[in-house]
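The values are calculated or read from the model by the stated rules, or taken from the named source; none is laboratory data. Quick caveat: nothing in here was measured; it's all calculated off a predicted structure. Virtual Cβ from ideal backbone geometry, glycine too; neighbours counted across all protein chains shown. With ligands, DNA and RNA removed, areas are computed over all heavy atoms of the protein, side chains included. Shrake-Rupley method; radii C 1.70, N 1.55, O 1.52, S 1.80 Å.
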Amino acid sequence: MIREFRLPDLGEGLTESEILSWRVTEGQSVTLNQVIAEVETAKAVVELPSPFEGVVARLHEAEGTVVEVGSAIISFDVPDAAGAGLPAAPADEAGVQRRQPTLVGYGAEPDKAGRPARRARRGFSGTESALQPAPAVQVAEAPAPAAGTGIPANAVDSPVQERPRSTPPVRKLARDLGIDLSTVDGTGPQGRILRGDVEAALLRSSAEPYRNPQQSQPVVADAPHLGQGREERIPIAGIRKHTAAAMVASAFTAPHATVFLTVDVTPSMNLLEKLRGRKEYDGVRLTPLVLAAKAVCLALRRHPALNARWDEAAREIVRYRYVNLGIAAATPRGLLVPNIKDAQDLGLRELALAISDLAGTARDGRTPPAALAGGTVSISNVGVFGVDAGTPILNPGEAAILALGAVRKQPWEHEGGIALRQVTTLSLSFDHRLVDGAEGAAFLRDIGEVLAEPAMVLAMD
């Protein structure tokens with residue numbers, strides 16, 4: 001009996017994944033829960049287990065292919081006993097039976113028109129609503145436009161005009177970027193508009209050359225001739241694709257403001273040195289980032305506006321009573337921002353261990369989707385690259401991000417004179433819809449005070 005496995009939603013509302021590698025081949029026997037593939041989605045690499053025990057009948061997609069959630073990716077030939085009780089699926093053109101998508105994330109079974117079928121909603125009383133199907137609407141077929149009129153066939157008025165087919169996340173992305181979906185050609189099944197189609201439309205609109213109304217040819221700047229074979233074209237896919245979409249959406253949605261503060265952190269560096277000599281910190285990696293993470297959690301108690309998000313749909317500001325602290329991590333595969341859940345409850349040692357574990361998991365490509373979702377505020381440690389300061393872009397949906405610069409020995413005013421001190425620069429970007437300039441500055445000042453004099457935490461309530 002042939003059974004299909006469809007790509008599930010591996011995160012919160014994800015619409016597609018890239019097949020990085022197959023761990024099985026056609027004709028190979030597999031066991032239940034055996035890893036069959038590695039896929040990447042929303043910046044995470046996830047191993048897919050087999051839902052069946054049997055023989056791989058067909059691999060529907062090649063490695064490197066971006067697949068939409070709900071699409072069949074592999075078929076299994078399973079013993080009849082293993083498939084007992086499961087409804088037989090109709091065969092496709094290749095003779096392979098289609099599996100009925102009954103699992104969460106597999107997508108609804110398409111109807112005859114290719115649209116996903118919807119389940120009946122439950123009423124507020126908790127009982128099944130007795131909704132009756134609406135009567136069919138008779139629509140007269142509009143005549144085709146005469147040849148040579150210059151009117152496209154799809155521009156003819158119709159009593160019912162269906163909106164472009166896409167998923168809610170894609171429609172939101174289009175709204176955020178100012179893209180009219182009616183102008184976008186969908187490349188998904190049945191012409192569905194995918195996230196990549198919206199991103200391509202944005203790139204086309206931003207790259208279109210200026211045209212002088214008096215000229216028939218576009219005006220472009222002269223460029224030196226570089227000859228053949230001197231360009232490299234790299235496909236926009238995987239982490240780079242997701243990062244680009246997220247950064248564009250953030251930059252065009254949230255009005256960014258950035259403030260800077262240069263701080264003498266010599267007392268913090270001395271504290272770290274003392275803690276490294278204590279037995280309870282054996283094997284714990286203590287860095288300025290750990291102290292900055294603790295300082296952020298403490299400062300958020302006094303400035304909750306920076307631990308919030310703007311809910312446009314509900315017309316509300318959502319303030320969090322917990323801190324899921326994102327730590328930007330540079331990995332061989334691109335930038336990731338996994339977050340530490342409930343960081344406000346962790347002590348310095350626990351924070352240090354959590355940051356080390358998070359960074360190691362990210363570098364190894366083992367960050368699960370759950371660790372990338374639900375962040376409330378983030379830190380980017382640009383100092384590890386020898387950078388003093390920057391203007392970080394907000395992680396989408398968050399109100400603030402702190403950039404921690406390199407710690408350098410510099411001449412600094414100290415106790416009425418000039419001394420060689422360890423100094424760093426803090427850069428805070430925030431969403432100006434949620435945070436006023438005065439509050440953003442006060443938040444950054446509190447962080448700076450903790451790093452300049454760790455004992456200041458005793459005065460914070």
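Figure legend. Inter-residue proximity from segment 171-195: first residues closer than 14 Å to residue 67 by Cα, second residues part of a loop (DSSP other than H, G, I, E, B) and of a type in the set (A, V, I, L, M), beta-carbon distance below 8 Å, spacing 6+ or different chains. Indicated pairs: 187/194; 188/194; 193/184.
Meeting the requirement of 3 or more residues that are aliphatic (A, V, I, L, M) and either surrounded by 14 or more Cβ atoms within 10 Å (Cβ to Cβ) or at pLDDT below 50 (or both), the strands (runs of 3 or more DSSP E) wholly within segment 30-118 are 35-41, 44-49, 54-59, 72-77.
Please list, ordered by residue number, the strands (runs of 3 or more DSSP E) wholly in segment 386-461 having 1 or more residues that are open to solvent by 60 Å² or more (accessible area, probe 1.4 Å), within 16 Å of residue 268 (Cβ to Cβ) and of a type outside the set (A, V, I, L, M, F, W, C).
Working: elements: 400-404, 408-414, 417-431.
The strands (runs of 3 or more DSSP E) meeting that bar are 408-414.
Taken over segment 23-64, the criterion of being among the polar types (S, T, N, Q) and under 25 Å from residue 332 (Cβ atoms) is satisfied by 41 alone. Residue 335 satisfies every condition listed in (1) modelled with pLDDT of 95 or more; (2) not in a loop (DSSP other than H, G, I, E, B) except (1).
Listed by first and then second residue, the pairs linking a residue in segment 245-267 that is within 20 Å of residue 442 (Cα to Cα) to a residue that is open to solvent by 50 Å² or more (accessible area, probe 1.4 Å) and in a helix (DSSP H, G or I), with Cβ atoms under 8 Å apart and 6 or more places separating them unless they lie on different chains, are 261/445.
Each residue in segment 388-434 was checked for being among the aliphatic types (A, V, I, L, M) and within 23 Å of the chain's Cα centre (by Cα), and 10 pass. For residue 428, the conditions (1) within 20 Å of residue 273 (Cα to Cα); (2) in contact (Cβ under 8 Å) with a residue 40 or more places away in the chain are fulfilled apart from (1).
Residues of segment 347-369 that are over 18 Å from residue 10 (Cα atoms) and not in a helix (DSSP H, G or I): 347, 364.
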